[in-house]
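Participant: This is the structure, below, for whatever I ask next.
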Amino acid sequence: MKISGEVFGENGKGISLAAYEQMAKQIVKIKKENKIDLAVVVGGGNIFRGRFAEKSGFDMAVAHQMGMISTVINGLALQQCLEKIGEQTRMMTAIRMDAVAEPYLRRKALDHFEKGKIVIFAGGTGNPFFTTDSAAALRACEVGCDLILKATNVDGVYDKDPNKFSGAKLYKKISYREAIEKDLNVMDATAFALCAENKKPIIVFNVKKLNDISKALKGEPFGTLVN
C-alpha cells in the first residue's frame, strides 16, 4: 500500500501525531481482518516535496534527496504508532541510515513477511528523480506483491482533476496503456510502466475510504482498477 505523505499532516502539510495513530489502527485492521501480508510505502510530501523546490533555485538532485529523507520521518512515526498498539514491524530504507532503520535487502524483507511483520519501505528508491509511486511499484515487483493499493485524496483515477473540474469522469477500470497515453497523473508513468511489464494490478482509492478496502480484496468494485 502506497500512502501519500499528505495523509500525515494537517491540511496536507506538517505533522499530525493523531493522523499517524489513526493510520496505524486502520493498517492493523486491514491486515488482521483480511489475513494478508502487508507492506507500506510512505511518501513525504507533507514535509518536503522535491519537485516544488525547483522554483526556489534548489538543485533538483538535492531537493529529491530531502524529499526521500522526509519519507523516513513519516516511516518512523508510523512504525512507532504501529508498535504502540502491539504490531510487529520493520522499517527498511533505500538510503543507508543504520542507526535509524535497516537498509533495504530483498531477502531480509521476505523474511520479515514470513514472520508476519508489517514492513515499511522508506527512502523512495534511494535515487533522485524517482517518485515514491515508482518505489511502491519497484518494491511490489521485488517482493512479489499480488496487488498495489494507492491511497489518494480522490476516489480513483479521473480523466481530469476532480478538484478543479466538476464534470471530471471517474474510471472504474482502465489499462496501464490508457493511463500512460492519457497522461493521467494519479501515478507517474514510470510506476505505471513497471506495473504493466510485471503485471501488477493497481487499485487507486480515496484514503478516507480505507476502512472499506476489504471490498477491493474480495474483488468488489472499489476505486479504480488499473490492469
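The values are calculated or read from the model by the stated rules, or taken from the named source; none is laboratory data. None of the values given here were measured: they were computed from a predicted structure. Reconstructed Cβ throughout: ideal geometry from the backbone, glycine too, with neighbour counts over all protein chains shown. The protein model used for the area step is the full one, side chains on, heavy atoms only, and it has no ligands, DNA or RNA in it. Shrake-Rupley method; radii C 1.70, N 1.55, O 1.52, S 1.80 Å.
Participant: Condition check: under 22 Å from E6 (Cβ atoms) and modelled with pLDDT of 90 or more. Does I174 satisfy that? Talk me through it step by step, then tell me what you get.
Facilitator: Working: under 22 Å from E6 (Cβ atoms): no; modelled with pLDDT of 90 or more: yes.
When the stated conditions are applied, I174 does not pass them.
Participant: Consider the range 98-134. How many of its residues are over 19 Å from F8 (Cβ atoms) and assigned to a loop (DSSP other than H, G, I, E, B)? First the steps, then the outcome.
Facilitator: Quick first cut of the range 98-134, residues over 19 Å from F8 (Cβ atoms) only: 98-99, 102-117, 125-130, 134.
This time we only want the ones that are assigned to a loop (DSSP other than H, G, I, E, B), so: 98-99, 104-105, 115-117, 125-130.
Going through the range 98-134 one residue at a time, the tally reaches 13.
Participant: Quick one: which residue in V154, V119, V143 is touching a residue at least 12 places away in the same chain (Cβ under 8 Å), in contact with a His (Cβ under 6 Å, 6 or more places away or on another chain) and among the aliphatic types (A, V, I, L, M)?
Facilitator: On the way: V154 fails: in contact with a His (Cβ under 6 Å, 6 or more places away or on another chain); V143 fails: in contact with a His (Cβ under 6 Å, 6 or more places away or on another chain).
Answer to the selection: V119.
Participant: Within the set of pairs 6+ apart or on separate chains, which have a first residue in the range 209-223 that is in contact (Cβ under 8 Å) with a residue 60 or more places away in the chain and closer than 16 Å to N153 by Cβ, a second that is in a loop (DSSP other than H, G, I, E, B) and open to solvent by 90 Å² or more (accessible area, probe 1.4 Å), and C-beta atoms under 9 Å apart?
Facilitator: G223/K172
Participant: Now, a different point. Can you report the number of residues in the range 162-171 which are at pLDDT below 90, surrounded by 11 or more Cβ atoms within 10 Å (Cβ to Cβ) and closer than 16 Å to N206 by Cβ? If you could, list the steps in order and put the result at the bottom.
Facilitator: Our first condition is that a residue be at pLDDT below 90; within the range 162-171, this holds for 162-167.
Cutting the leftovers down to surrounded by 11 or more Cβ atoms within 10 Å (Cβ to Cβ) gives us 162, 165.
Those left that are additionally closer than 16 Å to N206 by Cβ: 162.
Here the count works out to 1.
Participant: Suppose we keep only residues that are surrounded by fewer than 17 Cβ atoms within 10 Å (Cβ to Cβ) and among the aliphatic types (A, V, I, L, M) within the range 12-65. Which one would you say is nearest to N127 (Cα to Cα)?
Facilitator: The selected residue is A61.
Participant: In the range 135-150, is there at least one residue being at pLDDT 95 or above, assigned to a helix (DSSP H, G or I), closer than 28 Å to Q65 by Cβ and among the basic types (K, R)?
Facilitator: yes
Participant: If you go through the range 194-213 one residue at a time, do you hit one that is assigned to a loop (DSSP other than H, G, I, E, B), open to solvent by less than 50 Å² (accessible area, probe 1.4 Å) and over 19 Å from S134 (Cβ atoms)?
Facilitator: Initial filter on the range 194-213 (assigned to a loop (DSSP other than H, G, I, E, B)): 199-201, 213.
Subset that is open to solvent by less than 50 Å² (accessible area, probe 1.4 Å): 200-201, 213.
With over 19 Å from S134 (Cβ atoms) added as a condition, the list becomes 213.
Checked the range 194-213: at least one residue is assigned to a loop (DSSP other than H, G, I, E, B), open to solvent by less than 50 Å² (accessible area, probe 1.4 Å) and over 19 Å from S134 (Cβ atoms).
Participant: A follow-up question, please. Hey, could you check the range 1-54 for residues that are out of contact with any helix residue (DSSP H, G or I) (no Cβ under 8 Å at 6 or more places or on another chain) and outside any helix (DSSP H, G or I) and say which is nearest to K115 (Cα to Cα)?
Facilitator: K35
Participant: OK, next. Can you say whether F113 is exposed (fewer than 14 other Cβ atoms within 10 Å of the Cβ) and out of contact with any Gly (no Cβ under 8 Å at 6 or more places or on another chain), as far as the supplied structure shows?
Facilitator: On the way: exposed (fewer than 14 other Cβ atoms within 10 Å of the Cβ): no; out of contact with any Gly (no Cβ under 8 Å at 6 or more places or on another chain): yes.
Criteria not met by F113.
Participant: Here's another thing I want to ask about it. Quick one: count up the residues across the range 97-110 that are of a type in the set (D, E, K, R) and surrounded by 13 or more Cβ atoms within 10 Å (Cβ to Cβ).
Facilitator: Looking only at the range 97-110, we keep the residues that are of a type in the set (D, E, K, R), and these are 98, 102, 106-108.
Filter again for surrounded by 13 or more Cβ atoms within 10 Å (Cβ to Cβ), leaving 102, 108.
Number of matching residues: 2.
Participant: Also, quick follow-up: Based on this model, can you work out whether T131 counts as polar (S, T, N, Q), at pLDDT 95 or above and touching a helix residue (DSSP H, G or I) at 6+ places or on another chain (Cβ under 9 Å)? Show your work before the answer.
Facilitator: Values: polar (S, T, N, Q): yes; at pLDDT 95 or above: no; touching a helix residue (DSSP H, G or I) at 6+ places or on another chain (Cβ under 9 Å): yes.
No.
Participant: From (1) open to solvent by 60 Å² or more (accessible area, probe 1.4 Å); (2) under 12 Å from the mean Cα position of the chain (by Cα), pick out the condition that doesn't hold for A122.
Facilitator: Checking A122 against (1) open to solvent by 60 Å² or more (accessible area, probe 1.4 Å); (2) under 12 Å from the mean Cα position of the chain (by Cα), the one that fails is (1).
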